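Coordinate-derived values only; no laboratory data. Not measured: the values here are computed from a predicted model.
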Amino acid sequence: MKKLMIILLAFATVALTFSLIPFLLNYPYSNSENSGPANFWELINMMAYEHKFLLPGIIALFAGLILFYKHKKYEDTP
């Protein structure tokens, strides 16, 4: 349970960090309607603008925090 908690909190941190990209950077340049990303960073940037990281990050954060408090509750009881 502790490993799952750490994995969820780490994923939430990464996902929520990526979801902050639209506030820091401009949308990646595209030549036409159907042009794709030129590299992996532009793909991450485009996905962040479409809010693909925000909801999974929030869900993972809440799940990780619930597991953290359950673990802390059971750890504190004698």
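Laid out as a table, the results:
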{"item": "In the chain, lysine pairs with alpha-carbon atoms under 20 angstrom apart (chain gap of 8 or more, or interchain)", "result": "6"}
{"item": "Where the Cα pairs of the chain fall when distances are cut into 10 Å bins, in %", "result": "19, 36, 23, 14, 7, 2, 0"}
{"item": "On Cα atoms only, tilt of 2-19 relative to the major axis of the chain in degrees", "result": "30 degrees"}
